[in-house]
1. Place a +1 charge on the Cβ of each Lys and Arg in region 35-86 and a -1 charge on the Cβ of each Asp and Glu, then give the dipole magnitude about the Cα centre in debye, rounded to the nearest 20.
2. Order by neighbour count: ILE57, ILE26, fewest other Cβ atoms within 10 Å first, most last.
Amino acid sequence: MSVPPNVSAVPDNAESAAPVDSAVLIASAERELGAFMKVVSDTFGPKEARLAAYDWIDELDSRQSLPVSGTHDWRSLTAAAASRLARRLNAGCPDSDCYQVEEPVL
């Protein structure tokens, strides 16, 4: 799985980096997000994977700067998105239609 169409994995407020560093950073973000989406999709289905991807991107967008030290920083972002997923799934609802998740306008 990949980032939803027309959605950048880089937040608008991110500090700029050198072009080569940006390419590596984006590739590592896409790998982390893709792995997260695959696990969520395999476990909870494609609808939850899509919502989890939006959570992940939302977490990234809330950061003041992009991760700089590699996968450890992406993992903390993934953990935050997984926490959102867990809260949503543990809301006591029999199905995913009983809560609202706002999808970003693309």
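None of the figures in this text is laboratory data; all of them are computed from the coordinates on show. Since the structure is predicted, the reported quantities are computational estimates derived from the model, not experimental observations. Here the Cβ is made from the backbone with ideal geometry for all residues, glycine too, and neighbour counts use every protein chain on show.
1. Numbers: 6 positive and 7 negative charges, 19 e Å.
It works out to roughly 100 debye.
2. Details: ILE57 22, ILE26 16.
With the sparsest Cβ surroundings first, the list reads ILE26, ILE57.
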